[in-house]
Amino acid sequence: MVRVLGIDPGTRVTGYGIVEPRDRGLSYVGGGQIKPPQNGVLSRRLFILSEEISNIIEEYGPTCVAVEGLYFARNVRSAMMLGHARGVVLMNAARFGLEVFEYSPSTVKQSITGYGNASKEQVQGMVRRLLRSEGIDRLDTSDALAVAICHIHHLTCSGKDRKASPCNSFPL
């Protein structure tokens with residue numbers, strides 16, 4: 001059984017979502033947001049993020065982690081903050097012996113919507129449709145679920161070759 005934990009990392013809000021392939025479709029297992037207190041120092045926020053990621057891995061038992069890769073950022077401080085959050089995710093995956101797969105934002109969008117510059121709302125709409133769940137109402141959660149779905153697309157289309165190009169193989 002494959003169970004993918006998708007992560008949309010951030011130090012303010014980290015989205016997470018768990019998806020499994022099922023009977024020529026997808027199954028939504030769970031998802032949500034991690035929101036450390038904004039008034040805390042960075043080290044404390046990262047510690048809280050780490051604890052929450054560990055709890056999610058223990059609760060849902062994913063077989064791998066798919067994380068959104070870094071993108072070009074004009075604001076160096078924002079890019080560094082994102083890097084801290086990604087580091088926490090990568091460290092926790094390693095702690096639990098989980099392989100990590102990274103996908104660029106444009107690859108995730110292309111895989112989900114067929115368009116690499118799709119808006120967050122377009123991605124959310126397709127995630128809801130693919131998972132047959134209207135209850136996915138937070139963009140950070142739908143982004144994380146999109147990363148998980150993107151990874152499952154790659155597994156399905158490439159026979160577990162993570163370097164394969166995305167395809168659209170799931171019926172709507």
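Across region 125-130, computed HN-Hα scalar couplings (Karplus, 6.51 cos²θ - 1.76 cosθ + 1.60, θ = phi - 60°) run x, 6, 4, 4, 5, 5 Hz from first to last residue, x flagging Gly and Pro. Couplings for region 100-110, taken from phi via the Karplus curve 6.51 cos²θ - 1.76 cosθ + 1.60 with θ = phi - 60°, read 10, 10, 10, 9, 5, x, 5, 5, 4, 4, 4 Hz in order; Gly and Pro are left as x.
Long-range amide H contacts for Ser27: which residues qualify at under 5 Å (H placed 1.01 Å from N, peptide plane, sequence gap of 5 or more or a different chain)? It is Glu20, Arg22, by chain and number.
Cβ-Cβ distance of Glu121 and Thr156, R₀ of 45 Å, FRET efficiency by 1/(1 + (r/R0)^6): the value works out to about 0.95. Highest average first, the peptides 8-14, 146-152, 94-100 ordered by how many other beta carbon atoms sit within 10 Å of their residues are 146-152, 8-14, 94-100. Subtracting the Cα-Cα distance of Phe47 and Glu102 from their residue separation scaled by 0.36 nm leaves 17.6 nm.
Couplings for region 52-69, taken from phi via the Karplus curve 6.51 cos²θ - 1.76 cosθ + 1.60 with θ = phi - 60°, read 5, 4, 4, 4, 5, 4, 5, 5, 9, x, x, 8, 7, 10, 10, 10, 6, x Hz in order; Gly and Pro are left as x.
Coordinate-derived values only; no laboratory data. Computed from a prediction, not measured in an experiment: that's the story for all the values here. No Cβ is skipped: glycine too gets one built from the backbone with ideal geometry, and neighbour counts run over all protein chains shown.
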